[in-house]
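The values are calculated or read from the model by the stated rules, or taken from the named source; none is laboratory data. On a predicted model such as this, the values are computed, not experimentally measured, just so you know. Every residue, glycine as well, gets a Cβ built from its backbone with ideal geometry; the counts of neighbours run over all protein chains shown. For accessibility, only protein heavy atoms count, side chains too; no ligands or nucleic acids. Shrake-Rupley method; radii C 1.70, N 1.55, O 1.52, S 1.80 Å.
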Amino acid sequence: MRAEIKGLNEECGVFGVWGHIDAASITYYGLHSLQHRGQEGAGIVVTDGDKLNIHKGMGLVNDVFNTDSLQHLKGHGAIGHVRYTTAGGSDFINCQPLLFNSQTSSLALAHNGNIVNATALKHQLEHQGSIFQTTSDTEVIAHLIKRSGYPNLQDSIKNALTMVKGAYALACLVEDAMIVALDPNGLRPLAIGKLGDAYVVSSETCAFDIIGAEYIRDVQPGELITINDEGMHVDRFSLATNRSICSMEYVYFARPDSSVDGINIHMARKNLGRKLADEAPVEADVVTGVPDSSISAAIGYAETSGIPYELGLIKNRYVGRTFIQPSQALREQGVKMKLSAVRGVVEGKRVVMVDDSIVRGTTARRIVRLLKEAGAAEVHVRISSPPIINPCYYGIDTSTKGELIASTKSVEDIREEMGADSLAYLSVDGLKDGIGRPDNMPNCGQCLACFTGEYPTEIFPEADHPYDKVLGGK
């Protein structure tokens, strides 16, 4: 079962390093900078050239690791993972990296994304004799690698990935190499950097700044890159690529100090706010953003509209994220604990509240109420992305279409339900223009499926098991 959601929940974060004497500690700091991508579990696997060692657990990076645990992770190569549950259960056995041992070698896998044909693959693999230890879709990749029959690991991985559909930024670790790969659509981000003579890989470039690494380039769709003591070797497992990077990385997920495919997240969000001000102006006294991901868009809206930006909402940074709470009642209470309105800023004012997205509408409704309880005369809600009307199958837990408020209600109905004086979303064209990706690719090389319903890959309903398509089964 997937975790119940209050809104857009992060996917996961992967990090790796090769050729550094303190690989585990470097990975720890890298994971710490990716903590926003997953708070349910964390893990690190290291290699000393002879064997792989692992430490992982439930909770935040600081909860899982301490000085003693890091000192026991000796090695010059490591991969790490922070997890939010998008496939499989939220429990220890599904924490990544997943480590698999055999008589000849070991393999560790860390994966950000979601395999859309994992159920079909798993049923066929079980039919052929595989036994699964977890409910994570990542384990399917490991079984495919092991069953490929190629003597060369790189060829085995390439063969396995040709059978996998969906989103995956993948980091693999064996005794003598680290291997990374990105799905043919490049749905999830993955970047490569250098730290002295060592190589580092990360879901986001903000991790490079934390450890003092230099960004080199992004992993391209369909690439398989091997990093070992001889350097970095670039190969491909897919020549047919269709760049479709997740638009919500720019809107919500990535940290503002990261760059995704060469575009700074903060500047992209400011541009989205500017486009929103052009498309949906309103007479108001103050602009405020919902912390933290909407601040940049709110600043852009304020700059273009000429309405001053103010800190109208304050986030309590010592309260856990609301989506971790398992029930609706606790989610509501979590929002109350997490945010408060600044009465001195909003009292008697016409307020433009900029947010990045609306999923169920629960949180937005509560924030509008907070502002009005603090004395706001009017609250005009502006959303820096289009209405989310379709579920995501690529690692964002937007669950089912029925839970998406914009899929069943009009903008006016949503406005009335949340108690706002007006509501407007950014258009799809405004989103593409604001992010500023090259326009020489379909959809500017972005996945817009949650807004348009046009998915870049085939989608496999969980009730269907198209064996013949995936593994040639009967």
Query raised in the report: Which of the following residues is within 21 Å of LEU170 (Cβ to Cβ) and free of Cβ contacts under 8 Å to residues at least 24 places away in the same chain: VAL234, VAL201, VAL219, VAL260?
Result: VAL234
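ASP91: surrounded by 20 or more Cβ atoms within 10 Å (Cβ to Cβ), more than 24 Å from GLY49 (Cα to Cα) and among the acidic types (Asp, Glu), yes or no? Before the answer, list the steps.
Values: surrounded by 20 or more Cβ atoms within 10 Å (Cβ to Cβ): no; more than 24 Å from GLY49 (Cα to Cα): yes; among the acidic types (Asp, Glu): yes.
Considered against the rule, which asks whether it is surrounded by 20 or more Cβ atoms within 10 Å (Cβ to Cβ), more than 24 Å from GLY49 (Cα to Cα) and among the acidic types (Asp, Glu), ASP91 comes out as no.
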Report summary line: Scanning region 223-254 for residues that are within 30 Å of ILE389 (Cβ to Cβ) and surrounded by 21 or more Cβ atoms within 10 Å (Cβ to Cβ) gives ARG243, SER244, ILE245, CYS246, SER247, MET248, GLU249, TYR250, VAL251, TYR252, PHE253, ALA254
Query raised in the report: Quick one: would you say LEU125 is at pLDDT 95 or above and in contact with a Phe, Trp or Tyr (Cβ under 9 Å, 6 or more places away or on another chain)?
Result: no
Report task. Output the qualifying pairs, or none if there are none: Cβ atoms under 6 angstrom, residues six or more apart or on different chains, first residue in region 441-452 and farther than 18 Å from GLU403 by Cβ, second residue surrounded by fewer than 21 Cβ atoms within 10 Å (Cβ to Cβ). Result -> CYS444/LYS432
Report task. Considering each of GLU283, GLU303 in turn, give the residue that is over 28 Å from GLN35 (Cα atoms) and not in a helix (DSSP H, G or I). Result -> GLU283
Query raised in the report: Are any of the residues in region 104-120 more than 22 Å from PRO184 (Cβ to Cβ), small (Gly, Ala, Ser) and out of contact with any strand residue (DSSP E or B) (no Cβ under 7 Å at 6 or more places or on another chain)?
Result: no
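How many of the residues in region 201-233 are acidic (Asp, Glu) and part of a strand (DSSP E or B)? Before the answer, list the steps.
Initially, region 201-233 is screened for residues acidic (Asp, Glu), giving 204, 209, 214, 218, 223, 229-230.
Imposing the further condition that a residue be part of a strand (DSSP E or B) reduces the set to 214, 218, 223.
Matching residues across region 201-233 total 3.
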Query raised in the report: How many of the residues making up region 100-134 are assigned to a loop (DSSP other than H, G, I, E, B) and surrounded by fewer than 19 Cβ atoms within 10 Å (Cβ to Cβ)?
Result: 11
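Here is a yes/no grid of residues against (1) part of a loop (DSSP other than H, G, I, E, B); (2) among the aliphatic types (A, V, I, L, M); (3) closer than 17 Å to CYS450 by Cα; (4) modelled with pLDDT under 95:
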site: GLY348; (1), (2), (3), (4): yes, no, no, no
site: VAL354; (1), (2), (3), (4): no, yes, no, no
site: SER357; (1), (2), (3), (4): yes, no, yes, no
site: ALA376; (1), (2), (3), (4): yes, yes, no, no
site: HIS380; (1), (2), (3), (4): no, no, no, no
site: PRO387; (1), (2), (3), (4): yes, no, yes, no
site: GLY395; (1), (2), (3), (4): yes, no, yes, yes
site: SER399; (1), (2), (3), (4): yes, no, yes, yes
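Can ASP137 be described as of a type in the set (Asp, Glu), within 27 Å of SER33 (Cβ to Cβ), out of contact with any Pro (no Cβ under 7 Å at 6 or more places or on another chain) and open to solvent by 10 Å² or more (accessible area, probe 1.4 Å)? Full working, then the answer.
Working: of a type in the set (Asp, Glu): yes; within 27 Å of SER33 (Cβ to Cβ): yes; out of contact with any Pro (no Cβ under 7 Å at 6 or more places or on another chain): yes; open to solvent by 10 Å² or more (accessible area, probe 1.4 Å): yes.
In short, yes.
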Query raised in the report: What number goes with the only condition from (1) in contact (Cβ under 8 Å) with a residue 24 or more places away in the chain; (2) part of a loop (DSSP other than H, G, I, E, B); (3) over 18 Å from ASN112 (Cα atoms) that GLN154 does not pass?
Result: (2)
Query raised in the report: Quick check: anything in region 162-177 open to solvent by 10 Å² or more (accessible area, probe 1.4 Å), of a type outside the set (S, T, N, Q) and free of Cβ contacts under 8 Å to residues at least 40 places away in the same chain?
Result: no
Query raised in the report: Which ones in region 359-374 are open to solvent by less than 40 Å² (accessible area, probe 1.4 Å) and either assigned to a helix (DSSP H, G or I) or among the polar types (S, T, N, Q) (or both)?
Result: THR362, THR363, ALA364, ARG366, ILE367, VAL368, LEU370, LEU371
Query raised in the report: Which members of region 381-397 meet the condition of being buried (at least 23 other Cβ atoms within 10 Å of the Cβ) and either of a type in the set (S, T, N, Q) or more than 27 Å from the chain's Cα centre (by Cα) (or both)?
Result: SER384, SER385
Report task. Just need a number here: residues in region 47-84 that are in contact (Cβ under 8 Å) with a residue 60 or more places away in the chain and in a strand (DSSP E or B). Result -> 9
Report task. Consider only pairs whose beta carbons are under 8 Å apart and that are at least six residues apart or on different chains; among these, list those whose first residue lies in region 17-39 and is open to solvent by less than 40 Å² (accessible area, probe 1.4 Å) and charged (D, E, K, R) and whose second residue is modelled with pLDDT of 95 or more and part of a loop (DSSP other than H, G, I, E, B). Result -> ARG37/SER203; ARG37/GLU204
Requested in this report: Report yes if ALA268 is over 19 Å from the mean Cα position of the chain (by Cα) and not in a strand (DSSP E or B), otherwise no.
Outcome: no
Requested in this report: Could you please let me know if LEU187 is open to solvent by less than 10 Å² (accessible area, probe 1.4 Å), in contact with a Pro (Cβ under 9 Å, 6 or more places away or on another chain) and within 19 Å of TYR455 (Cβ to Cβ)?
Outcome: yes
